[in-house]
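To start, the structure itself, in structure tokens.
The values are calculated or read from the model by the stated rules, or taken from the named source; none is laboratory data. Values in this document were obtained by computation on a predicted structure and should not be read as measured data. Backbone-built Cβ (ideal geometry, glycine too); neighbour counts: all protein chains shown. These area figures cover heavy atoms from the full protein model, side chains too; ligands, DNA and RNA do not enter into them. Shrake-Rupley method; radii C 1.70, N 1.55, O 1.52, S 1.80 Å.
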Amino acid sequence: MFYYILKYVVLGPVLRVLFRPRIEGLENIPEEGAAIVAGNHLSFSDHFLMPAIIKRRITFLAKAEYFTGPGIKGRLTAAFFHSAGQIPVDRSGKDAGQAAIREGLGVLSKGELLGIYPEGTRSHDGRLYKGKVGVAVMAITAGVPVIPCAMLGTFEIQPPGQKLPKIKQVAIRFGEPLDFSRYAGMENQKAAIRAVTDEIMYAILELSGQEYVDEYAAKVKAAEQEAVPPRKFPKLRR
């Protein structure tokens with residue numbers, strides 16, 4: 001109930017007025033039945049803008065940190081994501097990917113829409129990065145279509161580290177559903193799930209027009225952070 005109050009009464013109308021999202025391809029979202037909406041991830045605002053314009057309820061796999069923050073702000077954030085029906089996923093440890101897949105398949109088994117960002121994290125520089133194969137495993141296992149989605153302009157209104165977004169028009173594009181039924185029963189074959197993931201990422205790339213990087217975003221970000229020399233401070237004289 002809280003999800004629909006947020007979407008149609010509280011948050012949704014405000015987002016539409018402030019950001020005037022230009023929407024393309026909304027007819028590609030099926031009116032019923034399970035499906036995966038796979039999109040690029042440029043901004044914290046993506047979590048709110050896409051669900052606000054989709055008629056059906058969509059459940060995202062959200063990082064567990066959104067549910068475990070300290071203090072009043074952390075509790076409010078956790079309450080918001082819980083009330084909005086988002087599912088926390090622990091991304092640490094070797095079993096993190098399997099946990100996310102189990103949760104996602106649970107959503108799809110109910111005939112619902114599942115939202116996922118195949119890059120696994122927000123882009124720190126606005127480029128599109130290599131997709132992780134979990135989206136392919138879920139699509140093949142559940143036998144559901146994947147609708148590629150591109151957010152445009154959200155990096156400019158709220159890049160990583162910026163608390164409040166700028167008020168500026170954004171665009172959201174949905175591509176035609178991708179059918180991977182030809183890969184039925186191949187969810188454990190590395191070549192198959194890599195091929196499916198790359199096809200999904202290429203579809204997102206065509207919609208977004210971003211520069212593509214054939215590396216995982218988290219790996220590139222970590223390498224760039226390590227390459228930055230520590231800041232030196234002058235010694236204080238007594």
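Odds and ends about this structure:
- Members of the range 108-133 found to be of a type in the set (Asp, Glu) and touching a residue at least 12 places away in the same chain (Cβ under 8 Å), listed by number: GLU112, GLU119
- Of the residues making up the range 27-49, those that are out of contact with any strand residue (DSSP E or B) (no Cβ under 6 Å at 6 or more places or on another chain) and in a helix (DSSP H, G or I) are GLU27, HIS47, PHE48, LEU49.
- Checked against the criterion of being more than 27 Å from GLY153 (Cα to Cα) and modelled with pLDDT of 80 or more, the range 85-97 has no qualifying residue.
- For the range 195-212, a residue qualifies if it is open to solvent by 70 Å² or more (accessible area, probe 1.4 Å), over 17 Å from ILE36 (Cβ atoms) and out of contact with any Lys or Arg (no Cβ under 8 Å at 6 or more places or on another chain), and exactly one does: GLU206.
- Qualifying residue in the range 135-147 (condition: of a type in the set (Val, Ile, Thr) and without any contact (Cβ under 8 Å) to a residue 12 or more places away in the chain): no
- For the range 188-229, a residue qualifies if it is of a type in the set (A, V, I, L, M, F, W, C) and in a loop (DSSP other than H, G, I, E, B), and exactly one does: VAL228.
- Against the conditions (1) in a helix (DSSP H, G or I); (2) at pLDDT 95 or above; (3) out of contact with any Leu (no Cβ under 8 Å at 6 or more places or on another chain), GLY185 satisfies every one except (1).
- Index of the failed condition, ALA192 passing every other in (1) farther than 21 Å from LEU128 by Cβ; (2) open to solvent by 10 Å² or more (accessible area, probe 1.4 Å); (3) not basic (Lys, Arg): (2)
- Residue within the range 22-31 that is open to solvent by 30 Å² or more (accessible area, probe 1.4 Å) and at pLDDT below 90 present: no
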